[in-house]
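Quick note: the coordinates plus some simple rules give every number you see, no bench work behind them. Remember, predicted model here, so these are calculated numbers, not experimental data. Note: ideal-geometry Cβ built from the backbone for every residue, glycine included; neighbour counts use all protein chains shown.
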Amino acid sequence: TKKVILDVDTGVDDALGILLAIRSGEMDVLGITTVNGNVSLEQATKNTCKILQLLGKEDEIPVVKGADKPLMRQTYFEHRVHGSDGLGGALSDMEVHKTAAEGHASDFIVDQVRQHAGEVTLVMTAPLTNLAIAVMKYPELIHQVKEVIVMGGVVLGFGNVTPTAEYNMYVDPEAAKIVFQAGFPALTLVGLDVTRKALLTDEHIRLLGDSPISRYIQESTADYMKRYYERNGVKACALHDPLAVGVALNKELVTTRHYYVDVETRSELCDGQTVCDFQNRLSKEPNLHVCTDVSADAFLELFIRTLRA
Ligand code: BDR
Ligand code: CA
């Protein structure tokens with residue numbers, strides 16, 4: 001099994017990523033770190049605890065709280081997509097008895113990576129604030145993690161918050177810039193270019209059968225799908241964060257190319273845009289393995305097989 005830390009702003013699709021990671025049986029989830037994003041830090045933490053309770057894993061996996069705001073900016077919640085609670089109204093009457101562990105997410109990341117040098121995969125499916133703080137506190141981190149998978153950005157397509165920016169980049173572009181420029185030898189970007197192809201449909205949900213988990217998935221994705229339909233005209237929803245977990249499980253699900261990528265932080269119009277230097281115009285060393293294509297059917301098959309009743 002792979003040692004992983006999931007960093008989340010739980011969120012409908014973050015929750016699906018957590019379910020996929022834990023149910024895969026192939027990941028030793030050392031902990032889940034939370035951050036401000038889709039919802040507040042407190043709400044993201046509570047949602048994460050609920051998902052662990054749904055899985056019956058609340059006593060095994062620690063949840064550690066991180067940044068309650070972006071490094072330098074006001075925050076921007078995504079309640080229109082994930083509902084005011086972040087889970088699309090699902091699990092609203094679940095009593096939460098799990099609480100967050102002591103300490104800050106950035107310290108948890110550093111401690112775990114030091115303890116298991118060369119073995120830990122970081123799967124980041126939220127604004128990158130926690131990892132940016134971790135790298136600033138402990139620059140050696142870049143040589144001690146096994147790899148980093150980031151759900152975020154878009155290199156050839158359009159944004160999902162502004163015309164050019166994807167949500168996780170938009171919320172904390174300074175953090176993303178720090179992470180991208182930190183020098184991680186193995187950093188994979190799972191952006192909207194590929195996550196928009198990983199679509200969950202009603203038919204898939206039917207294939208999940210009947211179980212507490214499938215009922216949860218159906219309930220939490222109902223409004224998320226509606227919103228996706230309004231925006232994109234497709235009756236489905238994109239499995240952004242679960243695809244990042246999928247890539248951590250199996251690299252062969254995607255095609256990657258090694259490019260130099262930077263994040264815009266000083267433009268009124270384009271902040272949070274991920275700029276990919278396809279033709280090496282800047283003569284910089286490539287820093288990211290950018291996903292350019294995905295075997296969506298193979299990923300959906302993995303998702304359903306792992307989560308079905
Ligand atoms: C990303 O933004 C969030 O709203 C989702 O949880 C995902 O991490 C997609 O752009
Ligand atoms: Ca997320």
Fluctuation leader among GLN181, GLN279, GLN74 - the chain, Gaussian network, Cα springs under 10 angstrom | GLN279
Approximate spin-label separation ASP93-HIS79, in nm, with each point projected 7 Å along Cα-to-Cβ | 2.4 nm
In whole Å, what is the distance between the alpha-carbon centres of segment 201-235 and segment 98-112?
-> 32 Å
Listed with the fewest Cβ neighbours within 10 Å leading, HIS258, HIS116 appear as HIS258, HIS116
With x for Gly and Pro, the residue-by-residue ³J(HN,Hα) of segment 73-89, computed from phi through the Karplus equation 6.51 cos²θ - 1.76 cosθ + 1.60 at θ = phi - 60° and given in whole Hz, is 10, 5, 8, 9, 6, 10, 5, 5, 8, 9, x, 5, 8, x, 10, x, x
In nm, to one decimal, how far is the THR162 label point from the MET136 one, both placed 7 Å along Cα→Cβ?
-> 2.1 nm
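Of LYS69/LYS146; LYS3/LYS146; LYS197/LYS251; LYS177/LYS284, which sit over 20 Å apart, Cα to Cα?
Values: LYS69/LYS146 27 Å; LYS3/LYS146 9 Å; LYS197/LYS251 16 Å; LYS177/LYS284 15 Å.
With Cα atoms farther than 20 Å apart: LYS69/LYS146.
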Averaging sequence separations of C-alpha pairs under 8 Å and six or more residues apart, then dividing by the length of the chain, give the relative contact order as a whole percent.
-> 20 percent
Gain in span if fully extended, GLU26 to ARG305, counting 0.36 nm per residue against the direct Cα distance | 99.1 nm
Let me have the relative contact order for segment 90-241, percent, based on Cα pairs under 8 Å that are six or more residues apart.
-> 21 percent
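Over all directions, the average projected area of the alpha-carbon convex hull for segment 200-277 comes to how many nm²? Can you show the working numbers first?
Numbers: hull surface 31.3 nm².
Its Cα hull, projected and averaged over all orientations, spans 7.8 nm².
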Among DSSP beta bridges lying fully in the chain, give the percent that are antiparallel, nearest 5.
-> 30 percent
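Going by average Cβ density within 10 Å per residue, which order do the peptides 206-217, 44-55 take, highest to lowest?
Numbers: 206-217: 15.9, 44-55: 23.9.
Those peptides, ordered most packed to least, come out 44-55, 206-217.
What percent does the relative contact order of segment 185-262 come to when contacts are Cα pairs within less than 8 Å and at least six residues apart? Don't jump to the answer; show the numbers that get you there.
Numbers: 51 pairs, mean separation 28.6, N = 78.
With pairs under 8 Å counted, the relative contact order is 37 percent.
Checking the a/c ratio against 1.5 first, then a/b against b/c, what shape does the Cα gyration tensor give for segment 70-145?
Numbers: a/c = 2.54, a/b = 1.68, b/c = 1.51.
Cα axes put segment 70-145 in the prolate bin.
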Distant-in-sequence amide H partners of ASP28 (H built 1.01 Å from N, under 5 Å) = LYS2, LYS3, VAL4
Tabulate in residue order the Karplus-calculated ³J(HN,Hα) for segment 150-155, using 6.51 cos²θ - 1.76 cosθ + 1.60 with θ = phi - 60°, rounded to whole Hz; enter x for Gly and Pro.
-> 10, 7, x, x, 7, 9
Using θ = phi - 60° and the Karplus relation 6.51 cos²θ - 1.76 cosθ + 1.60, list the HN-Hα couplings for segment 228-241 in order, rounded to whole Hz, with x at every Gly or Pro.
-> 4, 5, 4, 7, 10, x, 10, 7, 5, 8, 7, 8, 4, 5
Long-range amide H partners of VAL294 with built H, under 5 Å | THR255
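Once the cut-off is 34 Å, how many percent of the Cα-Cα pairs in the chain end up in the long-distance tail? Present the calculation step by step, with values, prior to reporting the outcome.
Values: 5923 of 47586 pairs.
Of all Cα-Cα distances in the chain, 12 percent exceed 34 Å.
Mind checking the full-extension length gain between ASP68 and ALA186? Use 0.36 nm per residue of separation minus the Cα-Cα distance, one decimal, nm. Write down the numbers at each step before the final one.
Details: separation 118, 0.36 × 118 = 42.48 nm, distance 2.72 nm.
Residue separation times 0.36 nm, minus the Cα-Cα distance, leaves 39.8 nm.
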log10 of Debye I(q)/I(0), alpha-carbon scatterers only, for segment 1-113 at 0.09, 0.11 Å⁻¹ | -0.21, -0.32
